[in-house]
Amino acid sequence: MTVVPAPWWRIGWRNVGRNRRRSLFTIGGLALAYCAVVLMTGLSRGMIAEMIGNGTGILSGQLQVHAVDYLPERSVHETVGGQDGTDVGALLATLEEDPAVEAAAPRVYGGGLVSAGDNTVATELIGIEPARERRVAAITRTGLEGRLPRSGENELWIGREMARQLAAGVGDEVVVVAPAADGSLGNDLFTVSGIFSSGLAELDARLAFLPIDALQRLIVLEPGRIHEVAMRVADPWRAPAAEARLAGRLESRFPDARVRAWTEFQPEMVDYAALFESVEWVIVLVVFVMAVFGVANTMLMATFERRREFALLLALGVTPSGILRSVLWEAVALGGVSLASGALLTFPLLAWWHRAPPDMSWLYGGFTMAGGLVRPVLRVEYPPGMMVVAALALFGTAVIAALVPAVRAGRVPPADTLQGR
Amino acid sequence: MSPTRRRTTRVLPIALALLGGAPQILRAQQETPAEIVDRVDRLLRGESSRGRVTMEIVTEHWSRTLEMQISSLGTEYALIRILSPRKDAGTATLKAGEEIWNYLPRVDRTIKLPSSLMGSSWMGSHFTNDDLVKEHRLVEDYDISIAYEGPRGGTEVWEFDLVPKPRAAVIWSRIRYRVRRQDLMPEWARFYDERDELVRTITWSDYRTTGGRLVPLAMRIQPADKPDEHTSIRYESLEFDVNLGPEDFSLRRLREGTP
């Protein structure tokens, strides 16, 4: 039999099995660390996605078009296309041509009063095209009673809190007053067509929706004059790219129209996302620094037990670097098995959690973050980047933790050790 | 105050009195600044009044002229009814104490203005609803001091500094108010925000004796940040101490017509 020196990685791999119980504990620890990091990141991504999805989806949309001077003053006169208005149908068609844009809805805004009986509240009036708005703003799906206003009718759709303050219900007549674009005081009778409850108290108290044509009549704007087009983009993070595409497309036909992504008009959400991401890195660091010490302990023990063996190998002519490599390969093998177990443990859990986020409403209610509603569910999103980073960190941990024991193993003094000194 | 200045202030009124000039000034010297401002208010207002006013509003986007009838009783009540243009004719505003009610003839409803809208524009003009409610409450809401007294452009004037009292619910952080000493006629008032930047200037002019009183018949309000915009009002007629009582400023009267 010819003695072929086994490659060091094979020796390392076999050494993993020398003390199975200890190896299993180490593998379990690393696998759990991987699982914890990936799940925590997934949870944090879920919370960000929840915040951004709801925050932009409830009303603003992920993309908006305004006349270039409309923001920040929101003057009623600054309509797309200026005083003459624009071809709203053509504008909507142009916007919906973009692959990321799923729906677009035109809007007119006005500030005013709603009055019922002796009660009067200040309100932001939003003129909508109900059929289109249903596909853009999630708030249109939060109706409690009644229905959305119908185009062509003097109907008003108000929030629950406003309805309470007005002591008005579905079918009641209210007066709507708003300063008109020609300086007169627009006023007319409307019927409450429905009441919504968005979950955001401020919106429920302040907003009143009416058909876009009714608001244009009230505040004396021609039918072609609109203040905003709001758009829905399914994945909010695709909105900035769509913004760039649309800006080019609008330039020639609608020169005064300016398109903005939510990252511009709700920058606080971007900041929140960045904050969460930095917290994720802290978590990765903490978890794996802890793991380093755990693995180092195991490897120190394993190499200490094998001092006589290393001494013998050295005495037989094996180089110290060979010893060092065998220990490092052992660590890599440990890391590999840990990663495989970690992945086996994590991915099904992640997939299950992603599909069926546990309802936590028994523990806490919904809350708002940067203006976006966060439902009381533990939503998890896949963090593909972090899965890779955590895998590399796990490997790195195993190798770094093995460095000191490996170097020490290579420096075992053969004669002294074999003599039992 | 320097000793010289103090002597001047003491000597000046005596000298003027010896010259036989203006007993009004002598009397005013004994008054506090607040009392003077209050007296200016009373002069302008009378116990009750009724007048016809033309209001010209010029904004960046539109201009319009409103004709209206204004009645007032003391500091508590005022009723404004728009006579033209036709679109707004009949629209009326009632001020009763701190409350403002609007009557809208098109829908035949009266609406009480919520307090959150006190700072917003009245009928699209550069006047705020607050101006209607608070204009005659200077003495109650502000600490008043004299910032300058002496000649300005050949006329002896006072310039008052009005600073809100600690708990006054007002939006201005300071008002500078110039009044002519000879006849207590206001020349202008400048309104400053919390950064002490000029927000708007009200200028009075066309001082005439009408209804037995000397009053400025024209007034112009100029927002500082929009030099091309302004609101001017002009009294076409004005009577004082007319026969009006609180019952003429009821919600029923708001709906029915001008007292």
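Pairwise alpha-carbon distances in the stretch A:363-421 exceed 20 Å for 64% of all pairs. Extension gain, residue A:234-residue A:83: 0.36 nm per intervening residue step, less the Cα-Cα distance, totals 51.0 nm. Give me the net charge for the shell around residue A:297: Cβ to Cβ below 14 angstrom, other residues only, Lys and Arg +1, Asp and Glu -1. Local net charge: +1. Note on residue A:418 and residue B:146: the model spin-label points, each 7 Å out from Cα along the C-beta direction, lie 11.4 nm apart.
Note on the stretch B:41-124: the C-alpha convex hull projects to 6.3 nm² when averaged across all orientations. Per residue of A:181-190, other chain Cβ atoms within 10 Å of the residue Cβ number 6 on average.
P(r) for chain B, please, calculated from all Cα pair distances in 5 Å bins and given in %. Spelled out bin by bin, chain B gives 1, 5, 11, 16, 18, 17, 13, 8, 5, 3, 2, 1, 0, 0 percent. Quick check: from the Cα gyration tensor, does the stretch A:172-249 come out rounded (a/c under 1.5), prolate or oblate? Oblate, since a/c reaches 1.5 and b/c is not below a/b. Taking all C-alpha pairs of the protein assembly as shown, those more than 50 Å from each other amount to 42 percent.
Can you compute the FRET efficiency between residue B:47 and residue A:164 using 1/(1 + (r/R0)^6), with r the Cβ-Cβ distance and R0 = 45 Å? Round to the nearest 0.05.
0.55
Both chains summed, the buried accessible area for B and A stands near 1700 Å², from protein heavy atoms and a 1.4 Å probe. Note the per residue figure in Å³ for the convex hull of the C-alpha positions in the stretch A:61-265. Considering the Cα atoms of the stretch A:61-265, their hull volume per residue is 106 Å³. Computed from the Cβ-Cβ distance with R0 of 41 Å, the FRET efficiency linking residue A:340 to residue A:247 stands at 0.30. When a 1.4 Å probe is rolled over the protein heavy atoms, the share of accessible surface on the stretch A:61-265 that falls to carbon and sulfur comes to 46 percent.
Shielding value for B:108-118 is 5, the average number of Cβ atoms from other chains within 10 Å of each residue's Cβ. With the simple model of a label 7 Å out from the Cα in the direction of the Cβ, residue A:355 to residue B:196 spans 6.8 nm. Per-residue ellipticity at 222 nm computed for the protein assembly as shown from its helices equals -12500 deg cm²/dmol, with DSSP H segments shorter than 4 residues left out and the rest contributing -39,500 (n - 2.57). Here the Karplus curve 6.51 cos²θ - 1.76 cosθ + 1.60, taken at θ = phi - 60°, turns the phi angles of the stretch A:85-94 into couplings of x, 9, 7, 4, x, 5, 4, 4, 4, 4 Hz, with x standing for Gly and Pro. Mean partner shielding of peptide A:104-117, defined as the number of other chain Cβ atoms within 10 Å of each residue Cβ, is 2.
Number of Lys-Lys pairs in the protein assembly as shown with C-alpha atoms under 27 Å apart and a separation of 8 or more places or on different chains: 9. Helix A:239-253 axis versus longest C-alpha principal axis of chain A: approximately 40°, rounded to the nearest ten. When the Gaussian network model of chain A links Cα atoms closer than 10 Å, the mean-square fluctuations of A:106, A:236, A:72 top out at A:72.
Packing here is the average count of other Cβ atoms within 10 Å per residue, and on that basis the peptides B:167-175, A:209-217, highest first, run A:209-217, B:167-175.
The values are calculated or read from the model by the stated rules, or taken from the named source; none is laboratory data. Keep in mind that this is a model prediction, so the values were computed, not measured. Cβ coordinates were reconstructed from backbone atoms using ideal geometry, including for glycine residues, and neighbour counts include every protein chain displayed. What goes into the accessible areas is simple: the full protein's heavy atoms, side chains included, and nothing from ligands, DNA or RNA. Shrake-Rupley method; radii C 1.70, N 1.55, O 1.52, S 1.80 Å.
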